[in-house]
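To start, the structure itself, in structure tokens.
What follows draws every value from the coordinates through simple rules; no lab data is involved. Quick caveat: nothing in here was measured; it's all calculated off a predicted structure. Quick reminder, even Gly has a Cβ in these numbers, built from the backbone with ideal geometry, and neighbours come from all protein chains shown.
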Amino acid sequence: MILSMPLFETHHLGKDFRPGTDSMVRAVHDISLQIEAGSFVLIRGSSGSGKTTLLALLGALERPTQGQVIFDGRDLAQLSGVALARVRRRLGFVFQNFSLIPGLPVWENVTYPLIPRGLSARRRIEIARRSLDQVSLLDRLMTRPSELSGGEQQRVAFARALAGEPDVILADEPTSNLDPDSGRNLMQQLHQSHAKGITVILASHDPEAVPFATHILELEAGRLKI
Amino acid sequence: MRYFIELGRTGLTAVLLHPLRSAVTTACVVVLLSPFLVGLALSQGVEEEAKDSIKFGADLYVSGDQFGRRVPLPLEAVHQVSEIEGVTQVTPRIIAGIVLGADNVDAVVVGLPLEHFPSKLTCVEGRLPQPSKRNELVVGTELARRLELHVGDLLPPFYHGSQGDRISEVVGLFDSDAPLWQARLIFTSFDTAAEIFNQQGLATDLLVECRSGYQESIASTLQRNVAFPRRPGEGVIRTRVTSREELQAILPGGIAHRGGIFNLHFVLAFAVGIPVILVTSGLGLSERRREVGILKATGWQTDEVLLRNAVESLALSLAGACIAILLAFAWLQWLNGYWIASIFLNGIDVVPAIRVPFRMSPIPVLLAFLLSFVLVMTGTLYSSWRASTVSPIEAMR
């Protein structure tokens with residue numbers, strides 16, 4: 001897939017787990033693509049097709065074993081740990097298992113990524129209010145994640161992704177642990193974010209996501225299906 | 001600045017995020033540091049007490065010397081020493097070790113003229129020996145408890161005497177707050193002590209008080225010019241003089257030697273403590289790794305994660321040191337060193353019958369903070385570093 005003005009580019013991207021052993025797994029193999037800013041990309045595929053790994057490679061959460069990921073003109077493989085962290089600050093992640101910190105109240109979970117930016121607690125609470133308002137959870141500011149339903153936890157995770165005002169939201173199967181209503185709700189929120197100009201890359205096999213996508217990538221056994 | 005304050009704050013809240021890990025790490029620090037602090041406090045307390053004993057003791061301690069060995073002096077020496085210019089008072093003393101009871105308890109009999117009994121010596125029960133009466137003893141509470149002695153008890157003769165065997169009577173028990181040194185003492189009159197040991201006419205040493213500025217010349221005179229004849233044909237007894245300053249100089253050496261052994265043992269315990277903390281810091285490691293993965297996935301840098309962990313470790317080490325200091329103080333002050341004093345002080349029971357001396361000075365307290373920090377940092381550094389250097393997705397897995 002070739003798009004104009006690429007925000008992401010990959011060249012012959014590959015990721016092997018346990019390379020050089022008998023149990024080596026080739027999660028992603030020879031993927032070359034370009035994703036333009038402002039698009040809503042849906043990555044589809046069956047379980048084990050490499051969706052999560054591709055998302056992790058695009059989001060600088062994993063280093064590739066082959067090929068390149070270029071984000072905003074910079075080869076992620078060439079970046080230092082500090083520079084990679086700065087790249088991640090431009091991205092907002094929504095994980096399948098929510099990945100909230102259990103002991104922290106909702107507002108802290110939402111704004112924890114902002115702490116290294118040196119924001120005061122007061123400013124972070126303001127941001128948390130704004131982000132939680134967007135996902136209709138303003139009344140749960142001081143609640144612990146364990147007191148929330150799965151759908152609410154996923155909305156908190158989404159609010160956390162929004163709090164850093166990201167250029168890109170990467171969401172990995174965000175609806176798979178949710179009931180249909182909560183899933184639809186989250187899809188609407190992703191759609192709204194996309195409408196505001198945020199690039200959305202969603203890994204999902206949820207058919208509800210298809211209408212929102214501007215581009216769809218099909219993965220099969222770690223390869224891009226053409 | 002705000003950047004560091006906010007990062008530091010997350011380190012402090014992380015202490016509460018992992019309550020089990022925090023509690024176990026703090027407990028390890030407390031278990032290691034408390035005995036160390038108690039040992040140091042006891043050591044300093046004993047040293048202070050010893051210094052006081054020397055400070056309020058005599059200017060010179062004079063004993064006999066033959067072929068480099070200490071021997072008793074004849075009582076005529078009292079008069080002879082009194083004649084030396086600058087001497088204000090000479091007190092003969094008998095000090096001798098004995099073994100008492102079925103359990104062979106070591107005790108020390110001190111015989112002094114009654115008018116020279118230590119002014120701090122007060123009886124918790126009974127009275128001090130009276131001038132008109134002989135063979136009266138006052139016994140330290142610790143010794144009395146061990147030997148099950150009470151006021152009015154009669155003690156059989158210690159030795160067979162040339163002038164007949166005399167029974168001694170316990171007439172008093174002295175204060176348990178008396179210095180540690182007195183806990184195993186038996187005080188009696190000089191004459192009674194001489195009779196007990198059947199060594200009439202001899203003193204083990206003389207306590208000499210001097211006028212200011214004369215101490216050196218008196219010591220010199222005693223060592224060079226004074227000798228006491230023994231029985232005909234047995235040569236003379238020369239004097240051996242030990243000044244207060246010499247005792248004060250010897251004391252730190254002895255304390256330091258004992259302290260050195262204690263410190264060596266502590267270093268070994270400390271070395272064992274680091275891997276213990278290393279293991280305990282691994283408690284809830286998977287949860288911790290996942291947390292670090294979340295932080296890194298959301299834009300935290302490795303050094304920011306490490307700084308957060310360092311602040312957490314600092315908080316834990318401060319908490320551990322504070323609790324250890326308070327516990328050590330409470331243990332000594334209110335529990336009177338229950339059990340632990342018997343480990344550090346020779347001859348003290350699990351439940352000390354005397355008031356154990358201790359002093360908590362600032363340097364060991366500061367040292368406790370430093371050791372606690374080193375212990376926790378060294379113990380947690382590896383697991384923190386491991387968790388924060390893997391890729392975020394691997395940490396979250």
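Remarks
- Dipole of chain A [Lys/Arg +1, Asp/Glu -1 at C-beta], most positive-end residue of A:Ala209, A:Thr199, A:Leu219: A:Thr199
- Magnitude of the charge dipole, the stretch B:1-62, Cβ model with Lys/Arg +1 and Asp/Glu -1, debye to 20: 540 debye
- Listed residue (B:Thr378, B:Leu42, B:Ser388) projecting farthest to the positive dipole end of chain B, Cβ model: B:Ser388
- If you wrap the tightest convex hull around every Cα atom of the protein assembly as shown and split its volume per residue, you get 241 Å³.
- Computed label-point distance, nm, for sites A:Met24 and A:His191 using a 7 Å Cα→Cβ extension: 4.4 nm
- Straight-line cross-link partners of A:Lys15 among the aspartates and glutamates, defined as a Cα under 20 Å from its Cα and at least 8 positions apart when in the same chain: A:Asp30, A:Glu62, A:Asp75, A:Asp172, A:Glu173, A:Glu218, A:Glu220, B:Glu394.
- Candidates A:Leu137, A:Pro116, A:Pro105 compared by Cα position along the dipole of the stretch A:91-165: farthest toward the positive end lies A:Pro116, with charges placed on Cβ.
- Shape category assigned to the stretch B:260-397 from the gyration tensor of Cα positions, a/c cut at 1.5: prolate
- Note on A:His205 and B:Val350: the model spin-label points, each 7 Å out from Cα along the C-beta direction, lie 6.7 nm apart.
- Beyond 25 Å, the tail of the calculated P(r) for the stretch A:1-122 holds 34 percent of the Cα pairs.
- For chain B, the convex hull drawn through the C-alpha positions has a volume of 185 cubic angstrom per residue.
- Zero-based 5 Å bins, Cα pair distances in the stretch A:2-43, whole percents: 6, 20, 20, 18, 13, 10, 7, 5, 0
- Student exercise, chain B dipole from Lys, Arg, Asp, Glu Cβ charges, in Debye to nearest 20: 1340 debye
- The radius of gyration of the Cα set in the stretch B:1-130, together with its Dmax, comes out at 28.2, 83 angstrom.
- For B:Lys55, a cut-off of 15 angstrom between C-alpha atoms picks up these aspartates and glutamates, skipping any fewer than 8 places away in its own chain: B:Glu47, B:Glu209, B:Glu245, B:Glu246.
- Cα-based convex hull volume of the stretch A:91-165 per residue, rounded to whole Å³: 79 Å³
- For the stretch B:101-153: span of alpha carbons on each principal axis (Å, largest first): 33, 22, 19
- Averaging over all projection directions, the Cα-based convex hull of the stretch A:146-218 occupies 4.9 nm² in the image plane.
- For chain B, the longest principal axis of the Cα atoms and the long axis of helix B:244-280 meet at an angle of about 30 degrees.
- Build a GNM of chain B with springs between Cα atoms under 10 Å apart, and of B:Arg231, B:Arg308, B:Arg93 the one that fluctuates most is B:Arg231.
- Tilt relative to chain B, helix B:19-55 - C-alpha long axis, 0 to 90 degrees, to 10: 20 degrees
- Distance from the Cα centroid of the stretch B:316-368 to that of the stretch B:38-72 is 24 Å (rounded to whole angstrom).
- By the Stokes-Einstein formula, at 1.306 mPa s and 10 °C, the stretch B:330-397 with its Kirkwood radius over alpha-carbon pairs has D equal to 101 µm²/s.
- Using every pair of separate Cα atoms, the Kirkwood estimate puts the hydrodynamic radius of the stretch B:58-243 at 17.5 angstrom.
- Too-long pairs where the Cα-Cα distance tops 23 Å, listed order kept, from A:Lys196/B:Lys296; B:Lys51/B:Lys120; A:Lys51/B:Lys296; A:Lys225/B:Lys296; A:Lys51/A:Lys196: A:Lys196/B:Lys296; A:Lys225/B:Lys296; A:Lys51/A:Lys196
- Cα radius of gyration and Dmax for chain A (Å): 17.3, 53
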